[in-house]
1. In the neighborhood of residue 129, defined by Cβ-to-Cβ distances under 10 Å, what is the net charge if each Lys or Arg adds +1 and each Asp or Glu adds -1?
2. Using a Förster distance of 25 Å, how high is the FRET efficiency between residue 370 and residue 475, based on the Cβ-Cβ distance and rounded to 0.05?
3. Which one of 474, 298, 421 is farthest out on the positive end of the charge dipole of the chain, using unit charges on Cβ (Lys, Arg +1; Asp, Glu -1) and the Cα centre as origin?
4. Considering the dipole of the chain built from charges on the beta carbon (Lys and Arg +1, Asp and Glu -1) around the Cα centre, which of 410, 446, 462 is farthest to its positive end?
5. Which values of log₁₀ I(q)/I(0), to two decimal places, follow from the Debye formula for the stretch 84-191 at q = 0.11, 0.20, 0.22 Å⁻¹ with a uniform point scatterer at every Cα?
6. Mind checking the dipole of the stretch 15-122: about its Cα centre, +1 per Lys or Arg Cβ, -1 per Asp or Glu Cβ, Debye to the nearest 20?
7. Only counting other Cβ atoms within 10 Å, I'd like 100, 171 sorted with the fewest neighbours first.
8. Report the Stokes-Einstein translational diffusion coefficient (µm² s⁻¹, integer) for the stretch 404-483, Rh taken as the Kirkwood radius over Cα pairs, at 25 °C with viscosity 0.890 mPa s.
Amino acid sequence: MKRPGLVLLAFLLSALLFGEEYSYGTQAVQNLTDTADQKKTIISFNNTVYRGTSLLETLPLMEEVYELEIRFGDSSVLLKEDDLAEYWGEALFIEEKGAVTGLIFKDRLYSNLKSLSYKGTPMESDQLEVWLSWEGTDVLKGEIEDFASRHGIRIKALEVPRPDSKLQSVVRARGDVPDLVMIQSSAVEKLVSARALQNIDYFVKPPLVPQGKEAFTLNSRLWALPFYFDTQLVYYNRKLLDSPPSPDWTLQDMENAARRIREKEKDIHPMAWNAYSSNWLIPFQISFGKERLIEADGTITVDDRATAQALAYILDLKDRGLLSPLERDAMDALFISEKAGMILSGSYAIPYFESLELDFGVLPYPVNESTGFPVSPLLDFKAFCLTRQTKHPILARRLLQHLTGTGVQQRFCPALAKMPARMDVLETPGLSYGYLSILKSTVDHGTVIPPEQVYSVYKNNMWKLLRFALSGRMTVEETLRRGQMLMDNSTP
């Protein structure tokens, strides 16, 4: 174990040998924030809304900052801490009427800013590789290119399908790994087991949506920083359902609406969703009283009463001609051609349907009136992880802090109808886009896609068995008994 005296000596020597001093008056800061491509951030601090630019976007990139002097009004504050640079992404130069007037740093507002001086070590690394996936990669590439251009560094941003699987393969082959990778929560355990990720408990973390932190926490450690998430919704065709139920509707209301659609058009599918996927079974399992998907011992119970009732309900909808089980592409095609009245799909479909100028509306999942529990939408979080073998850990951390910062989330999420993973962004005064109020209403009773690998095993097993159940080749009891046998014999 290193002795404290040696650690302090090493730190002081590093500061003396590599440290540099930086000083900016208000005019210098103004010049930095006035660049044409500088994008502004809106935050609420002490019940007041401010507009500005983060220090991470404005000032030179730093590996560390160990001394910071802030002069404001007739006062000054001198901070001496070895982790000050970790707060650059959350700190904001405040602007009023186009002029820099203050600074928010570490939960304190410094009004009438006069100057900012600091000492630290400038960033040595100047290149990164980032793997992106899912919707909005072009928008993310634009944000990354702006960040790289502003700081004079090179960042290769690549769109990679199934980035978790590719990362696992590259690590096993001892190949060159990227620095940052976009993943979803269900990939966490396999990547941790492959020693592909480093935990980020030491990060200065922004105020996250609690479910987002839960989605990427495994063995009490956080392995990725949540960026955004999708929820599940009921989409309806306004031409086929001209009097939609209110958002506080029930399963019975949903069935009644489906009957009205069927009575109006005989060749219309009243409801459709991908009932072959467990992603659309789990919401009903929860609504019939299943308390948790993964048990405390890390297993998944399939042959329980709630799951049996959920599957029986879905099969009954099908038998009564109210539900057509269809995979996503077929379901979307029918909805677009006005041959399906209501569908269950992810919120990621909103921009796509809007681009086609469809006349549609959305509703949150209904409440199961027989139990009082809502049908629980799956919350699908995407996050950025720092690879264990990155050659540029500090620069990668700075980019991660930028991408998960307030500004990027405020720009990215409205453009893609995503839900921001930061609580402060989700609650930004005046933030409004698309169906945001309905999206927000789903969060509290949503179910997080878990990070444990057993979830993927469950999903794959049920994908096969649900086809037998929906085709009538297996009863509910046979399906779930077989499912339990598969789960008991499967090892993640």
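Every read-out reported here was derived from the displayed coordinates using simple, explicitly stated rules and does not represent laboratory data. Owing to the predicted nature of the structure, the values given are computational and were not obtained by experimental measurement. Neighbour counts are summed over all protein chains in view; Cβ atoms, including those assigned to glycine, are modelled from backbone coordinates with ideal geometry.
1. After counting each charged neighbour, the total is +1.
2. Efficiency at R0 = 25 Å is approximately 0.75.
3. Farthest towards the positive pole: 474.
4. Value computed over the given set: 462.
5. Result of the Debye calculation: -0.56, -1.11, -1.19.
6. In total the dipole reaches around 500 debye.
7. Ordered by Cβ neighbours within 10 Å, fewest first: 171, 100.
8. Stokes-Einstein gives a translational diffusion coefficient of 154 µm²/s.
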